[in-house]
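Chemist: The following block contains the structure, expressed as structure tokens.
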Amino acid sequence: MFITNFSPTSEQDRPGTAPSKPELRRQRRDVRRSREDTAAGADGDRLADVVESLAPVRAASTVAAFASRGDEPSTGPLLARWRAAGRRVLLPVVRPDLDLDWAVDGGERRTSAVVDVPEPTGRLLGATAIAAAAVVLVPALAVDRRGTRLGQGGGSYDRALARTAPGTLVVAVLHPGELLDDPLPREPHDRPVHVVVTVDGVAWLSSPA
């Protein structure tokens, strides 16, 4: 059984004026660097179990996801499961303007020529390929209870999520403690997250329109 609607933890100290997005990113990166995880593989398997507990994920014929790097929650075991099951999974390829192209996950990776992230090596399908995905898993540094996502600052996913089909479920993959009570700054171009998943469970924040 997985936890639903678990209580978020706020780790921000916000005296006086609220921190800017760059300051919040610095804070959240510092928190991640201070983590002392010693069983990344086990956590990746647990995270895969939680993601696959979502009925929309199980029902989706095409899913968009990402290959994790560094201190991000590990998506490797989840992607391996989906490849073994023959599921069609789209992974992002970063364009020079930081927009996202997409390719089907075949298991092989290369380092992006634009930013230091692992990318698929398959044929590029174009920026609009994300519209075929019924569920999109996105990375984030934090998410608030309104579904506002704090990304790395390039705007890549906000542009990509603008191309999703109506009703697409957007799922942020976080570490425990990164779903925040304190509201994050929200701008007109920010695209909301509907669900947060961690190794501890699932939090539904809203339903896709």
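Every read-out reported here was derived from the displayed coordinates using simple, explicitly stated rules and does not represent laboratory data. Note that the coordinates shown come from a computational prediction; the quantities given were computed from them, not determined experimentally. Positions of Cβ are backbone-derived with ideal geometry, glycine not excepted, and every protein chain shown enters the neighbour counts.
Chemist: At a Förster distance of 25 Å, what's the computed FRET efficiency of residue 23 paired with residue 98, Cβ-Cβ distance as r, to 0.05? Show your work: numbers first, answer last.
Modeler: Working: r = 21 Å, r/R0 = 0.84.
Plugging the Cβ-Cβ distance into 1/(1 + (r/R0)^6) gives 0.75.
Chemist: Let me ask something else about it. Read phi for every residue in the stretch 72-85 and hand back ³J(HN,Hα) as whole Hz from Karplus 6.51 cos²θ - 1.76 cosθ + 1.60, θ = phi - 60°, with x for Gly and Pro.
Modeler: Couplings: 6, x, 6, 9, x, x, 5, 5, 5, 4, 5, 4, 5, 8 Hz.
Chemist: Go through 121, 142, 67 and say which Cα lies farthest out towards the positive end of the charge dipole of the chain; charges sit on Cβ, +1 for Lys and Arg, -1 for Asp and Glu.
Modeler: 121
Chemist: I would also like to ask the following. Would you mind working out the magnitude of the charge dipole of the chain relative to its Cα centre, with +1 at each Lys and Arg C-beta and -1 at each Asp and Glu C-beta, to the nearest 20 Debye? Don't jump to the answer; show the numbers that get you there.
Modeler: Working: 27 positive and 27 negative charges, 108 e Å.
Using Cβ point charges on Lys, Arg, Asp and Glu, the chain gives about 520 debye.
Chemist: According to the Kirkwood expression over distinct Cα-Cα pairs, how big is the hydrodynamic radius of the stretch 39-204, in Å? Let's see the in-between values first.
Modeler: Values: mean 1/r = 0.0632 Å⁻¹.
Its Kirkwood hydrodynamic radius stands at 15.8 Å.
Chemist: So what are the ³J(HN,Hα) numbers for the stretch 23-34, from phi and the Karplus equation (6.51, -1.76, 1.60; θ = phi - 60°), rounded to whole Hz, Gly and Pro as x?
Modeler: 5, 4, 4, 4, 4, 5, 5, 4, 4, 5, 5, 7
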